[in-house]
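First up is the structure itself, then whatever we jot down about it.
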Amino acid sequence: MRRKALIRYSACIVACLVLGVAFLDPNLPLLKAQESIETPGSKVERKNKAPLSEEVLQVKLPKPVEAKLQNGLTVLILEDHRTPSVFAQLRIGGAGALFEPPSMTGLANVTAQMLREGTKSRTSLQIAEEIDRLGATLGAAGSFGSSQVVFSASGLSDNFDSWFALAVDVLLNPSFPQEELEKLKQRQRAQLRQQRSAANFLVNERFNRAVYGDHPAATVSPTVESLDALTQEALMRWYRERYAPQNALLAIAGDVRARELIPRLEKWFAGWQRNDVKRTWPPNPVAATSRKVYLVHRPNSVQTTVALGNIAIERRSPDYIPMVVMNHILGGGVSGRLFLNLREEKGYTYGVYSDFSALRYPGPWRAGGNMRTEVTTGALVEFFKEIGRIRDQTVPLAELEDSKRAIAARFALSLEQPTAILGLAASRVQFRLPEDYWDTYPGKIMAVTAEDVQRVARKYLDPDTMQLVAVGDGLKIQSVLEPYGPVEVYDSSGKLTSIPKQ
């Protein structure tokens, strides 16, 4: 308890010593501005007079108990007895969309969602009623581009045995009832029609295809044809072949006793036997070597949605930490240069951000946002201006230190949540990071230099090779895009087209 108290105290001290930006999330989701709520320009006056600490945050995270069950399932248990609740998350490697047959896109996610729609002893309705009665949550998903399926459950510690046993039944004994499968497919067909009216979906679809090329991560959605190809037999075969305990990690946090729980987990999962499935990873995506421009034509759109970037790094890259700092300075939040320029100074947008994806395979660095159609020209100029500035000019020391302190403070505050600590431990295991990786993370962040920031910016943010995607009224913005390169035009269904003559 004393160690946990010290962590909380350190987090509070760091948060109080950092500039006001530390209390804002510097990793707001990309394209946050696509929400329809109009927000006024910022009235914040930054006086830069907050007291600052020059000390590097020192932490030592609570270490979860780690065990491996007889069937090969890796288990992490983090005890936290402050509240009578328990959270459990199972990550099943090799069962994700990254390994789907091309003709069955959506297979991983549909299989995951169908787990709770019926077991050998429970109907879909019975499962739903039992979850409600126990006050628990239960669900699973397999997102596109991911190598794994994530199965989650949570509830009170008082009835942990009941709701966890239900979760185990759902996981190990799915029946994939035909009637429920048809209902799910029908709902997803409706979603397919609806998503094509959303600029956010259209820009994601075209950007992923631009940067990933033939890599499976280029796919962001099923199609009507691939949904039609999903049968009960296909789901059962995918489940049998891909849901293997030796490729899975079970993380549990909350009001439990690890020494008592591990023997019970052995009994609960005794029926889940390992298999000989082998994960064959697709070749890593590679960065484009020349800039290409893509326009998704949405007639009469009053705004332009933009995304630009290229493939950058994977999670174990030695450039990961410098990239965190560089991205935060450029567009990681409301204190980022992109936001301050395009929103605060120019008033072009409600918000613009940048982010990067680093997984088992290299993912893209990406910047983007929404802007009024009539200011698309100016917005693109400022995007490339800020990218050029962070590449060509050394970051001022004060700006660099502010960003590093904000990142360290956010990390410290996250340690209040046992689920966050457990997530860090799980990622350390999955990516095979050093044992002390997260204990030394604040020190690594604070050690990043201005030269490091400029080096990774020059290495991964090349304006001449970035893929540029814009979604908007092609009649008004095609001429705006042409100075950046030949423009490929697509309609909202994803098909090549051309802008009609006026």
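Residue selection: SER493 satisfies the criterion of being among the hydroxyl-bearing types (Ser, Thr, Tyr), surrounded by fewer than 17 Cβ atoms within 10 Å (Cβ to Cβ) and assigned to a loop (DSSP other than H, G, I, E, B).
Taken over region 324-371, residues that are closer than 18 Å to VAL211 by Cα and out of contact with any strand residue (DSSP E or B) (no Cβ under 7 Å at 6 or more places or on another chain) amount to 4. Scanning region 159-176 for residues that are touching an Asp or Glu at 6+ places or on another chain (Cβ under 9 Å) and part of a loop (DSSP other than H, G, I, E, B) returns SER175, PHE176.
Out of GLU79, GLU129, GLU100, GLU117, report the one residue that is over 24 Å from the mean Cα position of the chain (by Cα), of a type in the set (Asp, Glu) and buried (at least 18 other Cβ atoms within 10 Å of the Cβ). I'd like the intermediate steps shown before the answer.
Details: GLU79 fails: buried (at least 18 other Cβ atoms within 10 Å of the Cβ); GLU129 fails: buried (at least 18 other Cβ atoms within 10 Å of the Cβ); GLU100 fails: over 24 Å from the mean Cα position of the chain (by Cα).
Checking each option against the conditions leaves just GLU117.
Filtering ARG316, ARG337, ARG274, ARG264 for residues that are within 24 Å of the chain's Cα centre (by Cα) and closer than 29 Å to LEU78 by Cα leaves a single hit, ARG316.
Out of SER301, SER317, which single residue is outside the structural domain of ALA165 (by TED's automatic domain parsing), touching a residue at least 60 places away in the same chain (Cβ under 8 Å), assigned to a loop (DSSP other than H, G, I, E, B) and farther than 28 Å from PHE87 by Cα?
Details: SER317 fails: touching a residue at least 60 places away in the same chain (Cβ under 8 Å).
Within the list SER301, SER317, the selection yields SER301.
Look at GLY368 and say whether it is surrounded by 18 or more Cβ atoms within 10 Å (Cβ to Cβ) and modelled with pLDDT under 95. Judged against the criteria, GLY368 is not a match.
Which members of region 455-492 meet the condition of being of a type in the set (S, T, N, Q) and within 25 Å of the chain's Cα centre (by Cα)? Walk me through how you get there before you give the answer.
Step one: list which residues in region 455-492 are of a type in the set (S, T, N, Q), which gives 465, 467, 478-479, 492.
THR465, GLN467, SER492, listed by residue number.
The condition of being at pLDDT 95 or above and surrounded by 14 or more Cβ atoms within 10 Å (Cβ to Cβ) holds for only one of ARG274, ARG240, ARG264, that being ARG264.
Any residue at all in region 306-323 that's farther than 25 Å from GLY145 by Cα and not acidic (Asp, Glu)?
In the first step, residues of region 306-323 are kept if they are farther than 25 Å from GLY145 by Cα; the result is none.
Looking through region 306-323, none of the residues is farther than 25 Å from GLY145 by Cα and not acidic (Asp, Glu).
The values are calculated or read from the model by the stated rules, or taken from the named source; none is laboratory data. Since we're looking at a predicted model, the values are computed, not measured. Note that we place each Cβ from the backbone using ideal geometry, even for glycine, and neighbour counts take in every protein chain shown.
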